[in-house]
Every structure is written in structure tokens, then in C-alpha cells.
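The values are calculated or read from the model by the stated rules, or taken from the named source; none is laboratory data. Because the structure is predicted, anything quoted here is derived from the model rather than measured. Positions of Cβ are backbone-derived with ideal geometry, glycine not excepted, and every protein chain shown enters the neighbour counts.
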Amino acid sequence: MALDFDLSTELCGIRFKNPVWTASGCFGYGREFAPVMALRDLGAVVVKGTSAEPWAGNPGTRVTETPGGMLNAIGLQNPGVDHFLRVDWPWLQEQGATVIVNIVGKTVDEYVEVARRLEGSGVAALELNISCPNVKEGGLAFGTSLAGAAAVTAAVRKATSLPLLVKLSPNVTSIVDVAKAVEDAGADGVTVINTLLGMSIDVRRRKPVLGNTFGGLSGPAVKPVALRMVWQVAGAVKIPVVGIGGIMTGEDAVEFLMAGARAVQVGTACFVNPRAPLDVAEGIGAFMRETGVGRVAELVGAARPEGGLGAGTGSAVGAAGRGAPAPAAPGAPAPAAPGAKPPAPKKAVGPMADYLRDFLKDSDRF
């Protein structure tokens with residue numbers, strides 16, 4: 001039976017059959033999930049973080065439950081890009097999956113090497129994980145430094161023609177400033193957010209639960225923070241935003257879309273329900289049918305003050321289309337008449353002033 005609504009979404013020059021992707025690190029390379037769903041039915045499979053050489057990961061304990069979520073300190077264990085290309089990528093092609101490869105590295109050169117190895121392979125896009133330790137900078141993560149985030153993005157941009165998404169860390173003073181930095185450095189889109197830094201203590205043993213002491217917090221507990229950051233970033237950049245953080249249901253995903261995300265990723269929910277990504281996609285469809293929405297694009301940015309597609313949702317962008325205007329959504333202001341003088345752009349007054357203005361605008365009024 002033909003659907004009466006369109007779940008497809010377009011970003012980075014690619015049309016995805018639906019806006020629901022799996023989140024890197026929670027879905028492996030898809031093999032464990034293939035028995036319960038057809039991977040071709042997902043918007044995209046974002047595979048586990050892949051490095052130039054195999055990584056062993058952190059010592060155990062590496063995962064623990066928390067109220068409303070989980071902490072993990074896996075340490076990006078993976079078999080390396082050569083193994084991916086030789087073993088996992090051919091299998092994923094057989095499944096008909098649209099594949100985005102999350103790439104990781106300890107140095108800029110390692111990121112660049114992975115990107116070069118994937119060039120021409122046929123994968124749909126790259127997702128740059130900039131929450132990895134930067135060995136040359138004393139263990140700081142690339143994603144917590146504006147200069148570091150921009151440098152690794154620019155280097156990978158030069159190394160590949162593939163669409164490049166950058167996955168942002170929430171463990172920063174202003175995620176908006178980092179988003180702007182990677183946009184200026186050549187990113188085609190941003191994924192918002194990676195996990196929040198947290199920990200758990202075993203009071204009986206009087207020591208941290210995780211072998212790495214700290215870990216990444218994910219799951220429903222982080223959703224309000226993730227949603228807020230998607231809202232802020234979507235209003236600040238022209239490239240598309242992919243929302244992630246605590247999405248468990250179709251209506252959770254709709255919230256992220258209405259905040260300005262053009263697609264979403266489902267991660268921790270997979271540990272509760274292996275079919276969660278597909279169920280979320282079906283939930284979006286059910287919401288659309290119930291509310292009379294014909295296209296997913298009509299949901300993108302629908303909750304924003306401008307009443308439709310915000311600046312940060314972006315149109316389909318890529319090497320040939322960066323900066324193209326987004327299509328107008330129902331309820332958006334009518335375009336100016338031909339020949340009309342466009343409104344003068346707002347003057348930049350510095351990132352801190354922009355941040356405070358956005359915060360005061362978006363915060364609750366007392």
C-alpha cells in the first residue's frame with residue numbers, strides 16, 4: 001500500500017529514505033541487528049568509530065547503567081579501517097544499507113589517513129568524531145578547542161570529497177562556537193551531541209565503577225540537554241544539523257526535528273529494543289499521519305520562533321551546494337518581492353554576546 005506521507009529527507013547532497021540513522025558506537029557494524037530488521041529500511045547506518053589502525057579500547061569495567069541512561073568508557077575499540085573495508089563494508093553493501101563511517105584518530109594525520117582510505121569506497125559520507133584524545137595537545141579532545149576542531153575538520157576536508165559531518169562534544173563552554181568553527185573549516189553538517197562526561201562510584205568497593213573512571217552519559221537523561229543544544233546550533237549555522245541524545249520514540253525524534261534537526265540518530269535505545277531505530281522511524285510516520293503532515297521537511301524547524309525552517313536546518317549541501325537557501329516551510333514569512341532590497345544582516349558583536357543573547361531569548365521568562 002502506498003504511503004500517504006513522505007519520510008525521506010535530504011542533506012549533504014544525499015536523499016535518505018527516512019530521517020532516522022543509527023548512532024555510532026551503539027550499533028557496531030550492524031551484524032547483531034540484521035536478524036531483527038532489514039538494514040536497508042533505515043535512513044542510514046552510522047558504523048562504529050573507525051581508526052587507521054586497530055584500537056584495543058579501555059580496560060573494564062566499560063559500561064554501567066545509570067538512572068535514565070548509561071555510562072560507557074569503551075575507548076573506541078575497533079578493528080581498523082582496513083578490516084572495515086575488507087570485511088564489514090562488503091557485507092553492509094549486501095544488506096543494501098546506506099552507510100556513514102564515523103572516523104576517529106589520536107592525531108590529525110590519523111584522521112586524514114582514515115578519510116583517504118575511504119575515498120572512492122562507495123560509503124555515503126563520513127562522520128568526524130572530534131571527541132577523541134589529542135595526543136599532541138596533552139590529552140585534550142579536539143572538540144573542546146575551537147582551533148583543534150577547526151584544524152582537524154579542515155585537514156579531513158582537504159583529504160576527501162565525501163560529505164563530511166562533524167560530531168560535536170557537549171563538554172564545552174559554547175557548542176555554538178564550535179559548530180561555527182567547523183562550519184567555517186569546511187564541514188557539510190554537524191551531529192549534535194556526543195555523550196556528556198560523567199561517572200559512577202561503587203560505594204561498597206569505594207572506587208569508581210568504570211575502569212576509566214569517567215565515561216560518556218547517554219540515554220533519556222541527556223535528552224533535554226541535547227535538544228537545547230540542537231536548538232542553539234540549528235539557529236547559528238547554515239549547514240544541516242543531525243540531532244542525537246536520548247531519542248527513544250517517534251515523538252522524541254519529532255522534537256529534535258522541530259528544533260531544527262534534519263535527521264536524527266538513535267543509539268542507547270538499541271540496548272533496550274534492538275528494533276528501536278526502525279520503530280522510531282515508524283513512530284515519526286504515525287505522528288505525521290495523525291497530524292496531517294505530508295512531508296518530513298514540514299516538521300524541520302516547526303517549533304522555532306520563525307515558524308519554519310530555521311537558518312541552521314540548511315538545504316541539501318555538499319561540495320557543489322554549500323550555502324544554498326533552505327526551502328520555505330508552511331507558515332514561514334513570504335519571500336521578498338523580486339528586486340526588493342534584502343534586510344541588512346545583523347552585525348556580529350562577538351561570540352560571548354551572541355551566546356548571551358541567544359540564551360536570554362530562548363530561556364524561560366520569570
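Which numbered condition in (1) among the β-branched types (V, I, T); (2) surrounded by fewer than 18 Cβ atoms within 10 Å (Cβ to Cβ); (3) in a loop (DSSP other than H, G, I, E, B) is the only one that V123 fails?
If we test V123 against (1) among the β-branched types (V, I, T); (2) surrounded by fewer than 18 Cβ atoms within 10 Å (Cβ to Cβ); (3) in a loop (DSSP other than H, G, I, E, B), just (2) comes out false.
Of the residues that sit in segment 29-55 and are closer than 12 Å to F84 by Cβ and among the hydrophobic types (A, V, I, L, M, F, W, C), which one is surrounded by the fewest Cβ atoms within 10 Å (Cβ to Cβ)?
A52
Looking only at residues that are in contact with a Ser or Thr (Cβ under 7 Å, 6 or more places away or on another chain) and closer than 23 Å to P274 by Cβ in segment 222-244, which one is surrounded by the most Cβ atoms within 10 Å (Cβ to Cβ)?
I244
Taking segment 1-33 on its own, how many of its residues are farther than 10 Å from A44 by Cβ and assigned to a loop (DSSP other than H, G, I, E, B)?
20
Determine whether D88 is touching a helix residue (DSSP H, G or I) at 6+ places or on another chain (Cβ under 9 Å), touching a residue at least 24 places away in the same chain (Cβ under 8 Å) and acidic (D, E). First the steps, then the outcome.
Numbers: touching a helix residue (DSSP H, G or I) at 6+ places or on another chain (Cβ under 9 Å): no; touching a residue at least 24 places away in the same chain (Cβ under 8 Å): yes; acidic (D, E): yes.
Against the criterion (touching a helix residue (DSSP H, G or I) at 6+ places or on another chain (Cβ under 9 Å), touching a residue at least 24 places away in the same chain (Cβ under 8 Å) and acidic (D, E)), D88 does not qualify.
Say we look at segment 12-25 and pick out the residues that are at pLDDT 95 or above and of a type in the set (A, V, I, L, M, F, W, C); which of these is nearest to V81 (Cα to Cα)?
Keep residues of segment 12-25 that are at pLDDT 95 or above, which gives 14-24.
Going one step further and asking which of them are of a type in the set (A, V, I, L, M, F, W, C), we end up with 14, 16, 20-21, 23.
On the way: I14: 23, F16: 24, V20: 25, W21: 21, A23: 18 Å.
Ranking the candidates gives A23 first.
Scanning for something surrounded by fewer than 16 Cβ atoms within 10 Å (Cβ to Cβ) and closer than 24 Å to P220 by Cα, does segment 4-26 turn up at least one residue?
no
Among the listed residues A124, A155, A147, which satisfies the condition of being touching a residue at least 60 places away in the same chain (Cβ under 8 Å) and farther than 18 Å from N194 by Cα?
Values: A155 fails: touching a residue at least 60 places away in the same chain (Cβ under 8 Å); A147 fails: touching a residue at least 60 places away in the same chain (Cβ under 8 Å).
Only one candidate qualifies: A124.
Could you run through segment 16-35 and say how many residues are without any contact (Cβ under 8 Å) to a residue 12 or more places away in the chain and under 17 Å from L164 (Cα atoms)?
Result for segment 16-35: 0.
Would you please list the contacts, defined by Cβ atoms under 7 Å and residues six or more apart or on different chains, that run from a residue in segment 36-59 that is in contact (Cβ under 8 Å) with a residue 24 or more places away in the chain to a residue that is crowded, with 24+ Cβ neighbours inside 10 Å and acidic (D, E)?
Note: pairs meeting the criteria are V46/E127.
Mind listing just one residue for me: the one in segment 160-197 that is touching a residue at least 40 places away in the same chain (Cβ under 8 Å), of a type in the set (G, A, S) and surrounded by fewer than 20 Cβ atoms within 10 Å (Cβ to Cβ) and, of those, nearest to A234 (Cα to Cα)?
Per the stated criteria, the residue is S174.
Here is a yes/no grid of residues against (1) under 23 Å from T9 (Cβ atoms); (2) of a type outside the set (K, R):
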position: A147; (1), (2): no, yes
position: A151; (1), (2): no, yes
position: K158; (1), (2): no, no
position: P163; (1), (2): yes, yes
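Kindly indicate whether E183 is of a type in the set (D, E) and within 15 Å of the chain's Cα centre (by Cα).
Numbers: of a type in the set (D, E): yes; within 15 Å of the chain's Cα centre (by Cα): yes.
Here the answer is yes, as E183 does meet what is asked.
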